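Below is one structure, written out as structure tokens; the observations come after it.
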Amino acid sequence: MGVNTKRLHGTSTATLPSISRKLFAGVKLALLEYLPESCSAGLPTAQNLEGTSTNSRSLSETYKCQRSDAVIFVEKWCDLFTGTWVESPNSEPLYRNESCPIVTKSQNCPGNGRPDSDYLNWRWQPQDCDLPVLDAPAFLKLMRGKTLAFVGDSVGRNQFESLLCMLWQVYPPENQDDKVVHRWVFKKHSFTVIRIWSSWLVNTTEAAIDFAPENLTKLHLEYLDQNIIDSLLDIDVMVISSGHWWPRKTAYVLNGTIVGGQGWWDDEHEKEYDALSGYAIAMKTALKAIVSYPNYKGITILRTYSPDHYEKGAWNTGGSCTGKTRPLTTEQLPVNNYTNTMYQHQMVAYEEAERMLGRNPSKLRLMNITQVFEYRADGHPGPYRNNDPNKIVKRGPNGQPPPQDCLHWCMPGPIDTWNYFLFEMLRREFLK
């Protein structure tokens, strides 16, 4: 499936051919059955949205409705992920690195000496509506009695910690980790946030298989990670993401046979799958297995691929994002074929899993951040990865960049917007 991407004056628009109708019509329309007729007047219906591009409609009107003693504000559905980054010089982050004790040290940019702070003074403005910042008390009330899971790699951990830091400012949670699941509990609200580490989303083993030696990680592309399965029925909302571990040295297994790999191969055998095509299989496996799992009734949110901003190399070959202090302009956006391909594989997997939903009670949603965050090269730690006062932060005499992180995101920083998206998506799901 091709993805046609347009960018106009800093606006990112992803047109998703066969997904858009169901995705954009389905989320908010569920509210209609709970509202009086006077309240729903003018809201779009599934019938009149059918075949209509959401980008051609003005979807920003708000309706104020009285139902018993509650006032319900119903915003027409709009695409949160089409818009632009705008300066917001008077905005303040919802937390500081000093006010949140769980920030991973390598993402603590102010604490690690990053001298600029302009990267904090931008907000995402959707084209047809507003994106409010996360309201921590409202979020805790919305999620009362529920379990929210973040599943994926260290970039997923980045988002997990961002959310906890926001909520921590109003109600510090209690840590209840075990050997597999990182768990924080907000007892007053009976709300649990968990993180399940799953770098590849599929099962892994280390034992020798065929010509793949022992201690080489084997990815079983047709099986969902057992760590996800073990917690699945306890999860009400899952934010799932992955992709950044696929360049690592691994072998791929299908039906008990070695069919490909990355960073390793035996030249005597034909290689069917590389990292990109292996990832395509794994994403389909994971999403289909989750949405079709017996008795799973949760909401699965696919957070799309998080772009990195290494220039003139990769993380281990001298790539750099040094000196980026504000979002890129449209003209400055790099072409990253790897990111684009990973994103397209996610979209294909999403579409195939979505077709299974008619037979299952679970829900599937999309947090489409890839194009939105291509602009935010300024939001990474760069060379400010630790608090060593002697660390190198400038280029050397021959122009070589210092070691740096252009993949993860500063905290606080642009990544907090992912949780603004999450808050708004969940508000639309659970507001009744």
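Remarks
- Picking from residues in the stretch 368-392 that are assigned to a helix (DSSP H, G or I) and of a type in the set (S, T, N, Q), the one that is surrounded by the fewest Cβ atoms within 10 Å (Cβ to Cβ) is 371.
- Residue in the stretch 284-295 that is in contact (Cβ under 8 Å) with a residue 12 or more places away in the chain and either under 30 Å from residue 115 (Cα atoms) or touching a Lys or Arg at 6+ places or on another chain (Cβ under 7 Å) (or both) present: no
- Residue that is surrounded by the fewest Cβ atoms within 10 Å (Cβ to Cβ), among those in the stretch 186-209 that are among the hydrophobic types (A, V, I, L, M, F, W, C) and over 22 Å from the mean Cα position of the chain (by Cα): 207
- Taken together, 270, 311 contain a single residue that is among the acidic types (Asp, Glu) and under 30 Å from residue 398 (Cβ atoms), which is 311.
- Whichever residue in the stretch 210-226 is surrounded by fewer than 17 Cβ atoms within 10 Å (Cβ to Cβ) and polar (S, T, N, Q) and, among such residues, is farthest from residue 246 (Cα to Cα): 226
None of the figures in this text is laboratory data; all of them are computed from the coordinates on show. Small disclaimer: the values here were computed from a predicted structure and weren't measured. Positions of Cβ are generated from backbone atoms using ideal geometry, with glycine treated the same way; all protein chains shown enter the neighbour counts.
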